[in-house]
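The values are calculated or read from the model by the stated rules, or taken from the named source; none is laboratory data. This one's a predicted model, so the numbers in the text were calculated from it and none came from an experiment. We place every Cβ from the backbone using ideal geometry, glycine too, and count neighbours over all the protein chains shown. Note: areas computed on protein heavy atoms with side chains; ligands, DNA, RNA excluded. Shrake-Rupley method; radii C 1.70, N 1.55, O 1.52, S 1.80 Å.
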Amino acid sequence: MNDGGRPIAEGLREELRGQVLEMSRKLRHRGPDWSGVYCGNNAIVSHERLAIVDPLSGKQPLISGDGKIILAVNGEIYNHKELRRELAGSYEFRTQSDCEVIIPLYKKCMEGNGDFAAMIEKLSGIFAFALYDSERDAYLVGRDEIGVIPLYQGWDRTGRYYVASELKALEGHCVSLEEFPNGCYLWSKEAGGAKPVRWYKRSWESFQAVKSAPRATDDKGTVINPGIIEKLRNGLEAAVRAQLMSDVPYGVLLSGGLDSSIIAAVTQKFSRQRVESDSREGAWWPRLHSFAVGLEGSPDLAAAKKAADYIGTVHHEVHFTIQEALDALPDVIYHIETYDITTVRASTPMYLLARVIKSMGIKMVLSGEGSDELFGGYLYFHKAPDSKEFHEELVRKVSKLHLYDCLRANKSLMAWGVEGRVPFLDKDFIDLAMGLNPSDKMCIPLPDGKARIEKWILRKAFEDMLPEEIVWRQKEQFSDGVGYSWIDTLKKMTEEKVSDAEFQRRESRFPVNPPKTKEEYYYREIYSRLFPSDSAARTVPHEAGVACSTAKALEWDAAWKGMDEPSGRAIGGVHNESY
């Protein structure tokens with residue numbers, strides 16, 4: 001919290017300190033290991049810590065040796081050791097925390113040209129941070145490129161500025177709320193006023209930058225440049241290895257789909273050695289544990305067991321009943337802070353799974369989020385008319401990850417104090433994957449008359465690390481794969497719970513983003529009880545689509561006109577329900 005440069009009076013400071021502690025307490029599920037607070041003349045910084053790296057000395061807020069810079073960070077900086085070596089001569093580190101490198105980076109930036117974009121670009125990780133410089137009476141707020149870590153901003157009636165990892169800390173205290181945009185920073189001394197500035201910009205955002213990139217395959221699907229496929233594999237393996245830094249037990253989420261199976265297999269490859277010692281020491285927890293969730297007899301559970309047996313993980317199946325999932329819906333919506341149908345459907349089993357993971361002492365898991373957005377893995381991509389449309393849809397999907405998959409993965413897990421890491425969304429790997437020629441990712445017609453399977457190039461890169469039936473298993477969206485009856489029950493239940501009369505009055509009941517279906521109406525009712533402000537409602541995406549497409553992609557097939565169904569089963573003629 002910052003008071004806009006106005007010194008806080010002594011009595012008010014204690015009152016605001018108590019308020020900030022109350023707000024911070026609402027986020028303790030994200031950081032059950034330690035609480036810390038800094039209270040200055042016109043800024044208060046509070047932090048709830050989940051200790052993954054340096055549990056003993058890495059308490060936050062982190063404070064520079066001279067006491068002038070105060071830093072609170074949610075997330076992980078994977079290249080912190082490289083940055084420590086680079087900055088060691090100019091700064092005396094006080095902890096082993098990976099996040100502390102942000103302080104000397106900021107000091108160096110301020111001693112130079114004040115290029116915050118260049119400063120944050122040096123960070124490889126998932127993060128949202130707030131840094132207060134008491135000497136300059138200025139603050140810097142930043143968020144990672146994709147928005148893996150959530151961040152919100154708000155203003156109270158007096159104009160005081162707040163940022164928090166979750167909406168619930170701000171609701172009721174702020175009269176105006178917004179998501180802090182991913183890939184941006186805000187500097188309070190910015191000329192012309194403090195507002196988020198984009199630091200993350202890439203050439204691949206334009207189709208022109210990739211349309212002539214070298215191809216791995218020709219128009220018939222024959223491999224003509226195996227080096228591209230090898231580079232893809234090496235890049236993802238490097239991303240996984242970098243993200244294994246941990247001083248606490250970790251595991252992997254394993255749905256049995258391609259993406260989670262690849263991450264699990266690569267993690268297993270590196271898990272027996274401690275990456276913090278450059279693999280010179282044995283791992284502190286040498287057996288890798290994998291976790292799958294589903295209804296009894298679900299497609300994901302069967303596939304996950306097959307993958308786990310092949311990889312050699314200590315595998316755990318978590319079964320849930322539909323009634324247990326229905327009972328959890330209010331808690332799920334409270335934690336994920338959205339009424340988006342896709343996200344609620346998929347978050348519920350993930351939320352139930354996270355509770356079991358936490359009960360076993362696991363504090364961090366690696367997951368496969370992001371792959372479908374990088375490679376066109378959703379079934380609707382079969383209908384992409386050309387490489388330009390295909391690539392531009394990927395760019396749109398990547399830009400929206402913070403609203404859907406990243407939000408789900410982070411908040412569902414952190415509801416129980418479990419951190420999720422997403423190697424597919426490593427900054428360098430994103431550049432590699434999005435820089436590929438889009439033709440290599442497309443579901444092109446093959447000589448046998450069939451279409452090439454989605455994410456073929458990724459499957460090819462890792463086909464020797466997994467069973468054949470897992471490598472070539474069709475895409476199954478998480479909310480489908482846990483058991484088809486889960487979604488079918490939600491549709492039936494909400495149809496019965498929401499009357500026709502209620503639904504007809506939806507625009508007067510919910511003038512901001514009126515629900516488009518009874519299922520959405522049901523979730524919105526729960527959400528509005530928890531987050532009643534219109535500002536909170538506006539933070540939730542509200543876009544039509546089919547099988548997780550953007551609204552723009554609905555133009556690809558005339559049959560999709562007017563459709564709004566996120567399940568992969570909506571893509572007739574493509575989805576195959578048999579595992």
Query raised in the report: Nearest 10 degrees, 0 to 90: what angle lies between the long axis of helix 341-359 and the longest principal axis of the chain (Cα atoms)?
Result: 70
Query - For the chain: relative contact order, % (alpha-carbon pairs under 8 angstrom, 6 or more apart) - result: 14
Report summary line: Where a ≥ b ≥ c are root eigenvalues of the Cα gyration tensor, a/c under 1.5 meaning rounded, otherwise prolate if a/b exceeds b/c and oblate otherwise, segment 341-404 counts as prolate
Query raised in the report: If ligands, DNA and RNA are left out, what is the accessible area of Thr343 with a 1.4 Å probe, given in Å² to the nearest 10?
Result: 10
Report task. Order His173, His542, most accessible first, counting only protein heavy atoms with a 1.4 angstrom probe. Result -> His542, His173
Report summary line: Residue-normalised 222 nm signal for the chain, counting each DSSP H run of n ≥ 4 as -39,500 (n - 2.57), nearest 500 deg cm²/dmol, is -10500 deg cm²/dmol
Requested in this report: Return the loop-located GluC sites (Glu not before Pro) in segment 1-72 (DSSP other than H, G, I, E, B) with at most 10 other Cβ atoms within 10 Å of their own Cβ; answer none if there are none.
Outcome: none
Requested in this report: Round to the nearest 10 and report in Å² the accessible area of Val314, as given by a 1.4 Å probe over the protein chains' heavy atoms.
Outcome: 40
Query - Principal-axis tilt of helix 405-414 within the chain, Cα atoms, nearest 10 degrees - result: 60
Report summary line: Cross-link reach from Lys460 to lysines, straight Cα distance under 16 Å and at least 8 residues apart if same chain, gives Lys220, Lys231, Lys441, Lys475
Query raised in the report: Relative to the longest principal Cα axis of the chain, at what angle does helix 322-336 sit, 0 to 90 degrees, rounded to 10?
Result: 40
Requested in this report: Select from segment 195-300 those GluC sites (Glu not before Pro) which occupy a DSSP coil region and have at most 11 other Cβ atoms within 10 Å, ordered by residue number.
Outcome: Glu296
Query raised in the report: Tell me, what % of the accessible area of segment 488-571 is carbon and sulfur with a 1.4 angstrom probe?
Result: 47
Query raised in the report: Going through segment 379-472, which GluC sites (Glu not before Pro) have at most 16 other Cβ atoms within 10 Å and a DSSP loop state?
Result: Glu463
Report summary line: In terms of the alpha carbon gyration tensor, root eigenvalues a ≥ b ≥ c, rounded if a/c is under 1.5 and otherwise prolate when a/b exceeds b/c or oblate, segment 1-105 is oblate
Requested in this report: Can you spot the aspartates and glutamates whose alpha carbon is less than 18 Å from Lys491's alpha carbon? Ignore those fewer than 8 places along the same chain.
Outcome: Glu324, Asp327, Asp340, Asp480, Asp500, Glu502, Glu519, Glu520, Glu525, Asp564, Glu565
Query raised in the report: Which of (1) 75, 64, 47; (2) 63, 56, 50; (3) 71, 58, 48 is the computed Cα extents along the principal axes in Å for the structure on display?
Result: (1)
Query raised in the report: Considering only protein heavy atoms and a 1.4 Å probe, what is the carbon-and-sulfur percentage of the accessible area of segment 26-155?
Result: 48
Query raised in the report: Once the convex hull of the C-alpha atoms of segment 54-100 is built, how many Å³ does it hold per residue, rounded to a whole number?
Result: 71
Query raised in the report: In percent, what relative contact order does segment 370-439 have, based on Cα pairs under 8 Å that are 6 or more apart in sequence?
Result: 43
Report summary line: SASA check, Leu326, accessible area w/ 1.4 Å probe, all protein chains in place, rounded to nearest 10 Å², comes out at 40
Report summary line: accessible surface per residue for the chain, probe 1.4 Å, DNA/RNA/ligands not counted, whole Å² -> 38
Report summary line: Too long for a 28 Å Cα-Cα cut-off, among Lys400/Lys497; Lys427/Lys561; Lys269/Lys306; Lys211/Lys269, are Lys400/Lys497; Lys427/Lys561; Lys211/Lys269
Query raised in the report: What fraction of the DSSP beta bridges in the chain is antiparallel, stated in percent and rounded to the nearest 5?
Result: 70
Query raised in the report: Which entries in Lys201/Lys397; Lys358/Lys455; Lys26/Lys107 show an alpha-carbon gap greater than 26 Å?
Result: Lys358/Lys455; Lys26/Lys107
Query raised in the report: Can you list, bin by bin at 10 Å, the percent of alpha carbon pairs in segment 81-138, starting at 0?
Result: 19, 59, 21
Report summary line: Whole-percent carbon and sulfur contribution to the accessible surface of segment 213-360 (1.4 Å, no ligands, DNA or RNA) stands at 52
